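Everything on this sheet refers to the single structure shown next.
The values are calculated or read from the model by the stated rules, or taken from the named source; none is laboratory data. The model shown is predicted, which means the values in this text are computed figures rather than measured ones. These accessible areas exclude ligands, DNA and RNA; they are computed on the full protein's heavy atoms, side chains included. Shrake-Rupley method; radii C 1.70, N 1.55, O 1.52, S 1.80 Å.
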Number of protein chains: 2
Amino acid sequence: MGRPSEDELIAAYFAPLAGPSAFALRDDAAFLPQRPGHETVVTKDMLVAGVHFFERDPPGPIARKSLRVNLSDLAAKGAEPLGFLLGLALPGNWTEPWLKGFAEGLGGDAAVYNCPLLGGDTVRTPGPLTISITAFGAVPAGQMVPRAGAKPGDRLYVSGTRKPDWAASLAQLERAYLVERYLLPQPRLRLMEALRAHAHASMDVSDGLAGDLAKMLRLAGLTAEVSASGMPLSEAARKALAHSPALVETILAGGDDYEIVCAVPPSRCAAFESDAKVAGVPVGAIGTAVPGDAPPVFRDEEGRALAFARPSFQHFQC
Amino acid sequence: MGRPSEDELIAAYFAPLAGPSAFALRDDAAFLPQRPGHETVVTKDMLVAGVHFFERDPPGPIARKSLRVNLSDLAAKGAEPLGFLLGLALPGNWTEPWLKGFAEGLGGDAAVYNCPLLGGDTVRTPGPLTISITAFGAVPAGQMVPRAGAKPGDRLYVSGTRKPDWAASLAQLERAYLVERYLLPQPRLRLMEALRAHAHASMDVSDGLAGDLAKMLRLAGLTAEVSASGMPLSEAARKALAHSPALVETILAGGDDYEIVCAVPPSRCAAFESDAKVAGVPVGAIGTAVPGDAPPVFRDEEGRALAFARPSFQHFQC
């Protein structure tokens with residue numbers, strides 16, 4: 001029995017995920033849904049087996065992570081998901097059960113995040129599985145939160161706790177890290193209204209907090225003193241740090257966070273914190289933006305400056 | 001000396017290609033330019049070294065082809081290019097001269113087709129070079145030309161001549177094919193107004209005329225008798241066919257065409273042909289759509305039905 005053609009595969013696994021403007025994935029192109037009074041923002045993340053996930057990871061979580069890293073970018077911009085395109089390069093050893101699992105994972109998240117499939121392309125690759133997702137979001141006109149908008153005096157916030165499940169020893173921490181690899185990023189979409197209402201600047205942390213904060217501030221000619229003691233650490237992470245202060249580097253500079261870092265003017269901080277609380281997203285103030293072109297300095301609980309061997313995790317670096 | 005980081009690479013090679021809504025490629029997302037009274041259509045094509053082009057092809061043409069296959073989809077929908085996103089997975093052996101050539105080719109076509117870079121993602125891959133482009137186009141509201149809109153009685157047209165440079169023997173034809181691999185598709189954007197004004201249905205031919213025409217008609221419950229004698233053959237191709245009638249299969253079913261096939265109601269044929277002529281795009285009427293669910297029958301100059309060993313070229317099939 002032959003393997004399904006591209007058209008058969010699309011009809012079987014991906015057409016059920018398609019939004020109403022996608023022509024059941026049977027046209028050369030799709031309409032992009034537009035919302036009156038809104039602007040459309042667009043983002044694209046590419047993921048490669050062996051680089052961004054392991055080839056043997058289960059297909060559902062691979063699919064979900066691929067979509068969620070894009071949704072995390074939309075969240076940082078204050079944009080509500082509109083839909084996405086899927087580019088899928090499949091290696092020769094793909095199987096139908098694998099593809100079924102992939103489509104189910106993708107469809108589950110598309111439903112949860114109200115972000116339908118609009119179209120895409122499926123090709124064969126002699127290399128590793130490669131996934132390229134383009135996601136669209138809607139922002140009320142003029143309200144997109146830029147990466148470059150921080151102002152001197154803005155308070156800097158980071159979402160989430162670092163790390164909710166980290167344990168009390170390095171060995172446990174490393175084990176937890178291995179498990180976390182399989183954990184899916186939680187795009188902070190519930191924070192988007194608070195960001196639009198109050199933040200001057202925002203980005204999603206995907207290459208480690210230290211490096212990404214430096215990027216955001218550099219765009220505005222700013223720097224900061226960041227106090228590790230202000231970081232929203234979980235109890236377990238705090239305990240781990242107390243035992244092994246060197247872990248602070250791992251905690252602050254580790255990649256793959258998918259939290260939001262943002263800059264909020266002092267007059268809006270109370271409202272931002274209150275709106276974030278209502279949205280159910282923990283946020284912690286970690287410092288204040290000041291003019292300067294040096295990278296932000298991170299200080300531990302005793303006020304000592306921390307040095308990062310690896311200030312920013314770059315998937316690209318080779 | 002270290003290799004440039006992803007950020008340095010983007011700043012050096014891709015930021016100069018960026019459109020005004022792309023934030024110099026330094027944000028998590030970009031605005032999608034919107035045109036009042038227009039709808040936005042979106043398309044995505046993925047290309048893999050060793051599948052869609054050869055790894056040793058020069059970088060400029062690889063970049064241009066990757067953009068043009070997407071522009072060809074926009075052309076078929078009657079959409080004017082607005083911009084594109086670039087997903088680029090680079091193998092470990094990339095060099096800066098290669099990347100410079102790639103960016104120059106891409107920038108050249110972005111300028112020619114008025115289609116600026118809006119954003120994207122650059123990652124490392126242990127596999128082959130993989131390019132995923134998402135292109136956006138604007139169509140006056142309600143005027144997108146669908147793939148599924150053909151009606152019984154519509155005349156079927158194909159753009160271009162098949163093939164301008166094909167020669168008089170199979171050996172020559174094969175040599176020409178090898179050369180043609182390097183030739184770049186010419187997206188038929190100049191045909192877009194004629195398509196919007198007159199066509200019921202349209203698609204771009206990327207998997208061979210025979211298979212793609214079958215796809216377009218099947219969506220509308222139609223079929224057709226296609227006369228090879230009505231095909232807009234170049235003089236060279238006509239000569240080749242006269243010598244080797246078996247070549248008709250190669251000519252009709254070959255992939256990678258990037259011409260437009262469309263369905264035009266009889267009352268609009270004269271206007272369509274005239275508008276296409278003004279636009280400088282050759283079009284030829286090849287048959288008439290009739291109800292039926294069989295694949296279209298192609299007949300040679302003596303009226304014999306042609307059988308295609310490979311009705312549609314699918315890059316995906318493995």
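Structural remarks
- Distance distribution P(r), segment B:49-88, all Cα-Cα pairs, bin width 5 angstrom from 0: 6, 20, 28, 22, 14, 9, 2 percent.
- Per-residue SASA remark: B:S227, around 40 Å² accessible (1.4 Å probe; ligands, DNA and RNA not included).
- Largest first and in whole Å, the equivalent-ellipsoid semi-axes of segment B:1-77 read 25, 23, 9, each the square root of five times a Cα gyration tensor eigenvalue.
- In the frame of its principal axes, segment A:41-108 has Cα extents of 39, 23, 16 Å, reported largest first.
- Buried accessible area, chains B and A (both chains, 1.4 Å probe, Å² to nearest 100): 5400
- q = 0.30 Å⁻¹, segment B:82-136: log10 I(q)/I(0) [Debye, one scatterer per Cα]: -1.23
- Mean-position separation - Cα centroids, segment B:114-158 and segment A:48-88, in angstrom: 21
- Residue order for B:V69, B:V290 - accessible surface, 1.4 angstrom probe, largest first: B:V290, B:V69
- Solvent-accessible surface (1.4 angstrom probe) belonging to B:E301, in square angstrom, nearest 10: 110
- Counting heavy atoms of the protein chains alone, A:E8 has an accessible area of about 110 Å² for a 1.4 Å probe.
- Ratio Rg/Rh, restricted to segment B:33-149 and using Cα atoms, in which Rh is the Kirkwood radius: 1.02
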